[in-house]
1. Can you tell me how much longer the chain between residue 306 and residue 184 gets when fully stretched, taken as 0.36 nm per residue apart minus their C-alpha distance, in nm with one decimal?
2. Separation between the residue 131 and residue 274 pseudo-spin-labels, each 7 Å from Cα along Cα→Cβ, expressed in nm?
3. Sorted by packing (mean other beta-carbon atoms within 10 Å per residue), highest first, where do 93-100, 299-306, 76-83, 216-223 land?
4. Considering the alpha-carbon set of region 1-127 alone, what are its Rg and its Dmax in angstrom?
5. Only four residue types carry charge here, +1 at the Cβ of Lys and Arg and -1 at the Cβ of Asp and Glu. Report the dipole size of region 181-232 about the Cα centre in Debye, rounded to the nearest 20.
6. Would you give the gap between the C-alpha center of region 216-230 and the C-alpha center of region 140-165, rounded to a whole Å?
7. Using 0.36 nm per residue of separation minus the Cα-Cα distance, give me the extension gain between residue 207 and residue 163 in nm, one decimal.
8. When only C-alpha pairs under 8 Å and at least 6 residues apart count, what is the relative contact order of the chain, in percent?
Amino acid sequence: MAHSEKVLVTGGAGFIGSHLVEALVADGSRVVVFDDFSTGLARNLERSQGSVDIVEGDVRDLAALRGVTKGVGIVFHLAAMPAVAPSIADPLACGAINVGGTLHVLLAAREAGVRRVVFTSSAAVYGADPTSPKAETLPTLPLSPYAASKLAGEEFAHAFSHVYGIETAILRLFNVYGPRQNPESEDSGVITRFLSRLAAGEAPLVDGDGQQSRDFIFVSDIVAAFLRAAKAPEASGEVFNIGSGRSTTINELATTLTSTMLPGSSLRPMHRAARVGDVRHSCADITKAKSVLEFEPMVNLRDGLAKTVEWWREEWIGR
């Protein structure tokens, strides 16, 4: 991005979006945040207060998007119904927000002459394929309305690139964690669920035998990937896995988090029945992101968990 370029972040008050906004401001960009605050929080933007324009609005409102996209060079599209459970409860809303909303963003971007749109997708598009690590060439098989909506968003981005010439870059995010991940949100993830229990003096509750593994990536590394996807010339029209490239079992996660949160604790993970249809192993092959985006994860799991626990203590304990 050129210095002082105007950029739009949809969903900029969210967990990932607010970290991205801070990085963009630090980079000298003029930032517009567009968020309906259904899952995003105003307090997430406190550190950027006065440096960004905040517009409350819904991606289902094309007129509002047209208004905030004028004069913008880059759009980071993070606004979404962000979890599987609500998409199953209300697939129509999921389609309207995640598919219709993405189409609105692309339309507004095309009309405004935006140079590039960076679209936030998800590793959920791979479905239950047991292959691990997962490369971008793996077939997609979405198993929820949420996953299907993300894949549809990807396809619209490809189509707009092909037909209208607007540059698009797609990031398939794996298990993101870090400060500002709201434990009260349905997409909060296993780390915040474990933290909630540890804060209450209870052992982490693990589904199944805990030997299933995931690729956990700290939020600052995700932000770095977004910034690189906006700048890299060869990123246009491409899909990238964004993860740490390392797998961690849920048992390892529970043990590390317990020792970080409660040093010397004798608490041991408790196990319950495995979740039906749970993917056994999920790890990102990040070869392409390393090559094209020069992306390199910098924060290891232990350090990332320590930063998350520090934030958790300040923000949530005692509430």
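1. Numbers: separation 122, 0.36 × 122 = 43.92 nm, distance 2.04 nm.
Using 0.36 nm per residue and subtracting the Cα-Cα distance, I get 41.9 nm.
2. 2.2 nm
3. Working: 93-100: 20.0, 299-306: 17.4, 76-83: 25.6, 216-223: 22.1.
Ranking the peptides 93-100, 299-306, 76-83, 216-223 by packing returns 76-83, 216-223, 93-100, 299-306.
4. In Å, with Rg to one decimal and Dmax whole: 14.0, 43.
5. With Lys and Arg at +1 and Asp and Glu at -1, about 320 debye.
6. Cα centroid of region 216-230 versus Cα centroid of region 140-165: 21 Å apart.
7. Values: separation 44, 0.36 × 44 = 15.84 nm, distance 4.53 nm.
In short, 11.3 nm is gained.
8. On the way: 635 pairs, mean separation 54.2, N = 319.
The normalised contact order for the chain reaches 17 percent.
FYI, it's all coordinate maths here, none of it is from the lab. Just so it is clear, the structure is predicted and the values come from calculations on it, not from any experiment. Cβ coordinates were reconstructed from backbone atoms using ideal geometry, including for glycine residues, and neighbour counts include every protein chain displayed.
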